[in-house]
């Protein structure tokens, strides 16, 4: 029996910025430092982020806040 892979959703930069509250430059700077998910290339000048990875990053920030309290 063949199981289908889990569907992945890709987010373009404006949606990543909206979800995270980060600016464009912050998204790229954090990704370069390995502190934010790296984008996936969709073409020569087009990238997107895996929604599940962005959501996990957001959840990690929430967990860090709760651990600090």
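Here, each number is a calculation from the coordinates, and none is a lab measurement. Source: prediction; values computed, not measured. Every residue, glycine among them, receives a Cβ derived from its backbone with ideal geometry; neighbour counts consider all protein chains shown.
In this simple spin-label model, placing a label point 7 Å from the Cα along the Cα-to-Cβ direction at both residue 8 and residue 58 gives a separation of 1.9 nm. From the Kirkwood radius over Cα pairs of the chain, Stokes-Einstein at 37 °C and 0.692 mPa s returns a whole-number translational diffusion coefficient of 247 µm²/s.
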